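This report concerns only the one structure given below.
The values are calculated or read from the model by the stated rules, or taken from the named source; none is laboratory data. For clarity, every value in this text was computed on a predicted model and none was experimentally measured. Glycine also receives a Cβ, built like all others from the backbone with ideal geometry; neighbour counts cover every protein chain displayed. Remember, those area values only see protein heavy atoms, side chains included, never the ligands or the DNA or RNA. Shrake-Rupley method; radii C 1.70, N 1.55, O 1.52, S 1.80 Å.
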Amino acid sequence: MNSYEIMKRNIQFDCPERIGLRFNSLGVSDVFRIFVQPPQRCRPADAQNVRMDKKIRATPGQADEWGCIWESLEEGSGDMGQVLHPPMKSLDEVDSYPFPDPHDPCHFDGLEEALQLSNDKFVQLNSPFCLFERMHFLYGFSETLRDLALEPQKMESFIDKVIDYQIGIAEMAGKLGKGRIHCFDTTDDWGTQTNMFISPKMWRALFKPRYKKLIDAIHANGMVIRFHSDGRINAIFPDLIELGVDILNFHQPLLVGIDEVAGQLTGKVCFEVSADVQQTLPTCDEQKIKNEIKEIVQKWCTPKGGLIGIEYRYGKVLGISEQALRWELEAFQQYGNFK
């Protein structure tokens, strides 16, 4: 089986020969990642001729296409950065705010050049900051939480504007990818260490229907969805299955609970998972890392598949060493073989 078949069979529970793997920094990956590109006006001076397999981060001090100005730690630290000053000051700006056009072909500059390098791998399009994250980048975290409670009708218009962008990107991926983009990869951190940022009831009322529109568009355009969320989001596990999430990404398996997840989700969704980035990988304890991976494979995988072992891409800022990643990969390779 080639890498594409390994991934597809894990996602579909169709008896792959092993679990999927994504350890790009170590040169082992069944996944070829491509990235939605910013308009030329938002690209660094040295990134005018782009390929979609190269991620372009916002230049510190320069507004991105959403009007957000980002700051980062020192160069090379590996951090994602954060928005310095959210540009929207009032919900009255929603109708007039210059939201980016998802159908602008600039978002797919360098697609053909990148796909020529994909070989037989599973092509995953990264379109991050799906909905809630993008909202609080634009409006502020506290302000977003406040007005979800106080101004839900106005917030619905805001939510619709943001999700329409992601739906447009999915449509463009289907149109331009012509079946060669296999997965739509997006993110929304919804949890704290103990619970969700908002009540599950509010989440179901305001966000679930919008996620449904996006996921339906992704599937209609021939892709599966890979959804990432950090934090303890256990309360909405059944909703994510109902919505049709195909791949669920976790970097904190101990936080959500290995047994708890197994009881609710094993066999219902394909997991993309690393060893715990808070409690396990930073210890650089070989036995602890390998024991955790062994338990995850035993409890989250099925004889028919359903697991993708991954690295954590921002490990440097958490003190995660390359050696810890190598032990993690070795464990996935050892315990994730179905032959």
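Given points 7 Å out from each Cα along the Cα-Cβ axis, report the Phe13 to Arg146 separation in nanometres with one decimal.
It is 4.6 nm.
Compute a Gaussian network model of the chain, connecting alpha carbons closer than 10 Å, and tell me which residue from Asp259, Asp14, Asp95 fluctuates the most.
Asp95
What number comes out for accessible area per residue over the chain if the probe is 1.4 Å? Units Å², please.
Accessible surface, normalised per residue, equals 43 Å².
Report, to the nearest whole %, how much of the accessible area of the chain belongs to carbon and sulfur atoms, 1.4 Å probe, protein only.
Numbers: 7010 of 14530 Å².
Ligands and nucleic acids excluded, carbon and sulfur reach 48 percent.
What is the local net charge at Pro16, summed over the other residues whose Cβ is closer than 9 Å to its Cβ (Lys, Arg +1; Asp, Glu -1)? Let's see the in-between values first.
Working: positive: Lys8, Arg9, Arg18, Lys304; negative: Glu5, Asp14, Glu17.
Net charge around Pro16: +1.
Short version: ³J(HN,Hα) in whole Hz for each residue of segment 221-232, in order, from phi by Karplus 6.51 cos²θ - 1.76 cosθ + 1.60 (θ = phi - 60°), x for Gly and Pro, what are they?
9, x, 10, 9, 10, 10, 10, 10, 8, 7, x, 8
Find out how many positive minus negative residues lie around Lys208, taking Lys and Arg as positive, Asp and Glu as negative, among other residues whose Cβ is under 14 Å from that of Lys208.
Working: positive: Lys201, Arg204, Arg210, Lys212, Lys213; negative: Glu156, Asp160, Asp188, Asp216, Asp239, Glu242.
Summing Lys/Arg as +1 and Asp/Glu as -1 gives -1.
Would you work out the charge dipole size for segment 211-280 about its Cα centre, treating the Cβ of every Lys and Arg as +1 and the Cβ of every Asp and Glu as -1, and quote it to the nearest 20 debye? Before the final figure, lay out the partial values.
Details: 5 positive and 9 negative charges, 38 e Å.
Approximately 180 debye in magnitude.
What ³J(HN,Hα) values, in whole Hz, does the Karplus curve 6.51 cos²θ - 1.76 cosθ + 1.60 give for segment 172-180 when θ = phi - 60°, with x put for Gly and Pro?
5, 4, x, 5, 8, x, 6, x, 8
Averaging sequence separations of C-alpha pairs under 8 Å and six or more residues apart, then dividing by the length of segment 144-302, give the relative contact order as a whole percent. Could you put the intermediate results ahead of the total?
On the way: 200 pairs, mean separation 31.4, N = 159.
Relative contact order of segment 144-302: 20 percent.
Determine the distance separating the Cα centre of segment 233-303 from the Cα centre of segment 1-77; give it in Å without decimals.
22 Å
Quick check: residue separation of Glu286 and Arg204 times 0.36 nm, minus the Cα distance between them. What number comes out in nm? Walk me through the intermediate numbers first.
Working: separation 82, 0.36 × 82 = 29.52 nm, distance 4.07 nm.
Stretched fully, the Glu286-Arg204 segment lengthens by 25.4 nm.
Enumerate by residue number the trypsin sites (Lys or Arg not before Pro) in segment 196-294 meeting two conditions: DSSP loop (anything except H, G, I, E, B), and at most 16 other Cβ atoms within 10 Å of the site's Cβ.
Working: sites: Lys201, Arg204, Arg210, Lys212, Lys213, Arg226, Arg232, Lys268, Lys288, Lys290, Lys294; in loops: Arg232, Lys268.
Sites meeting the loop and neighbour criteria: Lys268.
Can you tally the net charge around Pro102? Count Lys and Arg as +1, Asp and Glu as -1, for every other residue whose Cβ sits under 9 Å from the Cβ of Pro102. All intermediate terms of the calculation are to be shown ahead of the outcome.
On the way: positive: none; negative: Asp101, Asp104, Asp164, Glu171.
With Lys, Arg at +1 and Asp, Glu at -1, the neighbours total -4.
Along the charge dipole of the chain, which of Thr186, Pro128, Leu329 sits closest to the positive end, that is, farthest toward it, with unit charges on the beta carbon of Lys, Arg, Asp and Glu (+1, +1, -1, -1)?
Leu329
Just to be sure I understand the curve: with the Debye formula and one point per C-alpha of segment 201-274, what is log10 I(q)/I(0) at q = 0.23, 0.24 Å⁻¹?
Per q value, in the given order, log10 I(q)/I(0) is -1.12, -1.19.
About the Cα centre of segment 229-326, how large is the charge dipole given +1 on each Lys and Arg Cβ and -1 on each Asp and Glu Cβ? Please answer in debye to the nearest 20.
Values: 10 positive and 14 negative charges, 43 e Å.
Dipole size: approximately 200 debye.
Tell me, what ³J(HN,Hα) does each residue in segment 100-114 have, in order and in whole Hz, if you take phi through Karplus 6.51 cos²θ - 1.76 cosθ + 1.60 with θ = phi - 60° and put x for Gly and Pro?
For segment 100-114, the Karplus curve yields x, 8, x, 8, 5, x, 4, 5, 10, 4, x, 5, 4, 4, 5 Hz.
Hey, can you grab everything whose amide H is under 5 Å from the amide H of Leu307? Only 5+ residues off in sequence or another chain; H modelled, so Pro and N-termini drop out.
Gly20, Phe271
Pairs of alpha-carbon atoms within less than 8 angstrom and 6+ residues apart define the contacts here; what relative contact order does the chain have, in percent? Let's see the in-between values first.
Numbers: 611 pairs, mean separation 68.2, N = 339.
Contact order relative to length: 20 percent.
How many percent of the alpha carbon pairs in the chain exceed a separation of 32 Å? Intermediate values should be presented prior to the final figure.
Values: 16199 of 57291 pairs.
Of the Cα pairs, 28 percent sit more than 32 Å apart.
Within the chain, what is the longest stretch that has no GluC sites (Glu not before Pro) placed in a DSSP loop and near at most 13 other beta-carbon atoms within 10 Å?
Values: sites that count: Glu17, Glu74, Glu75.
Answer from the scan: 76-339.
Please list the non-local residues whose amide H lies under 5 Å from the amide H of Arg33, H modeled 1.01 Å from N, same-chain partners needing a gap of 5 or more.
Those lying under 5 Å, H to H, from Arg33 are Gln124.
Going 7 Å from the Cα of Asp189 in the Cα-to-Cβ direction, what parts of segment 211-240 have a backbone nitrogen less than 12 Å from that spot?
229-232
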